[in-house]
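Novice: Dropping the structure in here first, questions after.
The values are calculated or read from the model by the stated rules, or taken from the named source; none is laboratory data. Worth saying up front: this structure is predicted, and the values here are computed from it rather than measured. All Cβ positions, glycine included, derive from the backbone under ideal geometry; neighbour counts span all protein chains shown. Calculation scope for accessible area: heavy atoms of the full protein, side chains included, ligands and nucleic acids excluded. Shrake-Rupley method; radii C 1.70, N 1.55, O 1.52, S 1.80 Å.
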Amino acid sequence: LILIGLRASQVHAASGDAPVVPQSSQSLPSPPDWTMDLVWGEGNYYVADAFYADPERYPIVGGQRTWNWSELEAADGVYNWGSMDYWLSQQAAQGKAAAIGISAYNGTCCGGIKVPEYISSNPDLVITASGGHVIPKYWHPVYKAKYQRFVRALGIRYRNHPALSWVALGSGLFGETWACKPADLEFLQAAGLDSELWVDTVHDFIDYYVDAFSEDGQRKQVLMVQNAPFTFGAGERREIGLYAVEKGVGFSLNALYPDQEGAIHGWDSSCVYCGVHDLTSIYGGVLPTTYETYDYMLCDPTQVYWGLLNGLDKHVDSFRLNIDLFKEGVVGPCLLYTSPSP
């Protein structure tokens with residue numbers, strides 16, 4: 001676990017002075033020149049930090065927590081910020097930076113739909129999938145309008161919060177850029193979703209956060225799109241990612257392994273910049289970047305070593321590390337990435 005304790009200056013020093021930009025990427029968009037000026041609190045974050053991990057015990061500079069939309073909007077247009085206010089205050093009291101993410105759907109494994117009841121009970125705004133569980137109809141105009149209103153309220157309250165170091169945008173499953181697990185995709189397709197509509201919807205979500213966390217045209221917080229998985233095809237990574245670049249929005253990739261097949265050039269030779277690490281390899285160091293990882297991805301000390309080197313190679317500003325990577329003797333099943341499927 002030799003690299004677990006790296007702090008901000010060490011992260012940048014270990015990964016080089018500047019990102020190496022491939023010659024073929026020179027036509028790609030450049031982020032606004034102010035983007036990295038917003039970055040602070042670089043280093044390791046304790047993911048799902050619900051119990052206020054002690055920075056004296058763990059090599060961390062901050063805590064991160066993903067909040068469900070349903071936790072924060074109690075009724076139609078009625079917001080309850082108490083739990084987030086308290087969490088942010090406790091992070092600050094420990095001298096830690098605080099990072100947040102938003103999710104509206106956590107899949108069948110982890111609690112299902114997480115939207116306010118007035119949305120989940122409206123059959124026009126949800127889709128019934130296998131086993132009777134429901135998935136948000138993300139692209140429905142009413143759903144989008146309600147989500148935009150929520151994100152605007154979130155931004156107004158927290159865009160100037162001094163403890164907040166970054167915000168991970170909520171799009172689809174777990175807040176990431178896939179709408180659902182592949183097994184449920186047929187139900188969303190039957191309801192009208194295709195790749196173009198999904199990309200357009202995520203673009204709109206990016207705009208909601210950019211607007212909400214800006215004031216008088218000036219961005220106030222670091223934003224990152226959770227842009228590793230895809231819904232229909234890997235080309236969505238490129239389309240969503242390049243749109244984010246133009247907006248000064250960075251990347252949070254919520255999977256870090258020692259190595260992945262097709263991670264740089266992808267699986268489709270006709271789809272440039274479609275590998276999971278393509279855009280972070282190009283924009284690391286000039287856009288905010290973080291990786292999230294767990295012991296089932298890095299399940300022994302050798303894999304931790306090479307996995308974190310893999311992340312440092314992308315010039316990350318931070319890591320989102322689960323508790324199991326901080327404790328000796330905690331080893332889960334090792335699930336290696338061998339497939340292009342999300």
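Novice: Within 10 Å, at most 14 other Cβ atoms, and a DSSP state outside H, G, I, E, B define an exposed site. Report the longest part of the chain free of exposed trypsin sites (Lys or Arg not before Pro).
Specialist: On the way: sites that count: Arg7, Arg57, Lys327.
The longest such stretch corresponds to 58-326.
Novice: Can you run the Rg to Rh ratio on region 113-168? Use alpha carbon positions and the Kirkwood inverse-distance Rh.
Specialist: On the way: Rg = 14.3 Å, Rh = 12.9 Å.
So for region 113-168, dividing Rg by the Kirkwood Rh gives 1.10.
Novice: List the pair-distance distribution P(r) of region 63-217, using every Cα-Cα distance, as the percent of pairs falling in each 10 Å bin from 0 up to the bin containing the longest distance, rounded to whole percents.
Specialist: 10, 41, 34, 13, 2
Novice: So, in nm, how far is label Ala190 from label Glu261 when the simple model puts each one 7 Å beyond its Cα toward the Cβ?
Specialist: 3.2
Novice: Just want to confirm a number: the relative contact order over region 161-227, from Cα pairs under 8 angstrom separated by 6+ residues, in percent. All intermediate terms of the calculation are to be shown ahead of the outcome.
Specialist: Numbers: 60 pairs, mean separation 33.7, N = 67.
Here the relative contact order equals 50 percent.
Novice: In Å³ and rounded to a whole number, note down the convex hull volume per residue for the Cα atoms of region 223-327.
Specialist: Numbers: hull volume 9.9 nm³, N = 105.
Looking at region 223-327, the number lands at 95 Å³ per residue.
Novice: Suppose we keep just the alpha-carbon trace of the chain; what are its Rg and Dmax in angstrom?
Specialist: Final numbers for Rg and Dmax: 19.0, 53 Å.
Novice: So with the 1.4 Å probe, I'd like the accessible area per residue for the chain, rounded to whole Å².
Specialist: Numbers: 14060 Å² over 342 residues.
Computed with neighbouring chains in place, this is 41 Å² per residue.
Novice: Rounded to the nearest 500, what is the 222 nm mean residue ellipticity of the chain from helices alone, with -39500 (n - 2.57) per DSSP H run of 4+ residues and division by all residues? Can you show the working numbers first?
Specialist: Values: 10 runs with 99 residues, N = 342.
Here the helix-only value at 222 nm equals -8500 deg cm²/dmol.
Novice: Separate question: When the chain is fully extended, how far beyond the present Cα-Cα distance does Ile323 get from Arg152, taking 0.36 nm per residue of separation?
Specialist: On the way: separation 171, 0.36 × 171 = 61.56 nm, distance 3.18 nm.
Gain in length upon complete extension: 58.4 nm.
Novice: What is the distance in Å between the Cα centroid of region 52-125 and that of region 177-245?
Specialist: 19
Novice: Counting pairs of alpha carbon atoms under 8 Å apart in space and at least six apart in sequence, what relative contact order in percent does the chain give?
Specialist: Numbers: 674 pairs, mean separation 69.3, N = 342.
Reported as a whole number, the value is 20 percent.
Novice: Here's a follow-up. Are there chymotrypsin sites (Phe, Trp or Tyr not before Pro) in region 204-297 that DSSP puts in a loop and that have at most 15 other Cβ atoms within 10 Å, and which ones? It would help to have the intermediate numbers written out before the result.
Specialist: Working: sites: Phe205, Tyr208, Tyr209, Phe213, Phe230, Phe232, Tyr243, Phe251, Trp267, Tyr273, Tyr283, Tyr291, Tyr294, Tyr296; in loops: Phe213, Phe230, Phe232, Trp267, Tyr273, Tyr294, Tyr296.
Qualifying residues, ordered by number: Trp267, Tyr296.
Novice: Of the chymotrypsin sites (Phe, Trp or Tyr not before Pro) in region 106-145, which ones lie in a loop per DSSP and count no more than 14 other C-beta atoms within 10 Å? Don't skip to the end; give the middle numbers.
Specialist: Details: sites: Tyr118, Tyr138, Trp139, Tyr143; in loops: Tyr138, Trp139.
The qualifying sites: there are none.
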